[in-house]
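To start, the structure under review is shown below, and the notes come after it.
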Amino acid sequence: MAVAETGSLARASTRLAVNSSTVFRRLRQLEIQLATPLFQRHRGGYELTAAGIAIVELAHRIDEDIDGVVQSLSNQNAHPAGELRLTTNDTLLFHILMPMLEIFKLRKPKIKVKVTIDNSALNLSTSDSDLALRATDAPPENLVGRCLGRTEWALYGRALDYINSHQPRDTELFQCDWVTLCDNLSSLRSAKFVKKNVSAERITFSVNSVLALADSIESGFGIGYLPCFVGNARASLVKLDGPPTNFGHDLWMLYHPNMRRSTIVREFVEFVTAELRVN
């Protein structure tokens, strides 16, 4: 095309930043492969033959098609469309993700979000999800992702039971009724602490859901440990001065390594990261 547009080997070689002999050799190789001359050589330069005109027209169409594909991909990146499949637990969904998803829907209306609530151990390999939001200090080694921050826990009671900011002493705490987590959540540090330090007869309620645990404290079943973003969001609960503990976990957005290049996944991770920084 450079020879056709400039009409000479010298000018074509300048445009292509190679020497004239290289242009001549490549042109000759192409004519041999096609078994037909593409140019007529004369004193004024190089003039396209009928076959050469057909080849140049085809090359222009290919260029236009490539430009169209590049533009289309660029538009898709600017306005990605498709489905984002996310798994998380009920607590993180309702207290952290749900307000963000409302904003994300307004900003990226062509991305449809499908959420699967799962409180069990994370295994993206056997699920239909692209992403997982989990509170953990030991993310699976076969996944990649981003640590979004840390969730802290504290001891909470029903505000109605602690009017005038009365705080039970440490010795009184273990004489109170308690609620705790069980089943697949019994491995959490808060649940282990309660099991070790609170007598069985004082544990009046156990459940395998953090949200249900918060509801039980609100209902007056007893005091218990909750993530601060759950307890602080409920006006009917009050934080108690319990013994020093470290029940927190890192908050991770995790995905398969082969999802790194997904525009939808990348945009969602960046969006959630930015929202958590602000809030």
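Only the coordinates and a few stated rules stand behind these numbers; no lab work does. Every value quoted in this text rests on a predicted model; they were computed, and no experiment measured them. Positions of Cβ are generated from backbone atoms using ideal geometry, with glycine treated the same way; all protein chains shown enter the neighbour counts.
Annotations for the structure displayed:
- Listed residue pairs exceeding 24 Å between alpha carbons, taken from K192/K239; K114/K239; K105/K239: K114/K239; K105/K239
- Label-to-label distance, nm, for residues given as D90 and D250 (7 Å Cα→Cβ offset): 2.8 nm
- Two-site label geometry, E275 and L58: point separation in nm, points 7 Å out along Cα→Cβ: 5.2 nm
- Taking the Cα atoms of the chain, the ratio Rg/Rh between the radius of gyration and the Kirkwood radius comes to 1.36.
- Charge-dipole axis of region 152-246 as Lys and Arg at +1 and Asp and Glu at -1 on Cβ define it, positive-most pick from A233, I163, T245: T245
- The chain - charge dipole about Cα centre, Lys and Arg +1 at Cβ, Asp and Glu -1, debye rounded to 20: 1000 debye
- Simple Cβ-charge dipole of region 152-246, Lys/Arg +1 and Asp/Glu -1, about Cα centre, in debye nearest 20: 220 debye
- Taking P80, P37, P243 in turn, the Gaussian network model of the chain (Cα-Cα springs below 10 Å) assigns the largest fluctuation to P37.
- Ranking S13, N89, L254 by Cα position along the charge dipole of the chain, where only Lys, Arg, Asp and Glu carry charges on their C-beta atoms, puts S13 farthest toward the positive end.
- Sites N142 and M98, calculated FRET efficiency, Cβ-Cβ separation with R0 30 Å, nearest 0.05: 0.60
- Computed FRET value (nearest 0.05) for R202 with L160, which takes r as the C-beta separation and R₀ as 25 Å: 0.80
- Efficiency of FRET from Cβ geometry, N258 and R169, R₀ 51 Å, rounded to 0.05: 0.40
- You can think of it this way: the chain between C228 and V113 has 38.7 nm of extra reach, that is 0.36 nm per residue less the Cα-Cα gap.
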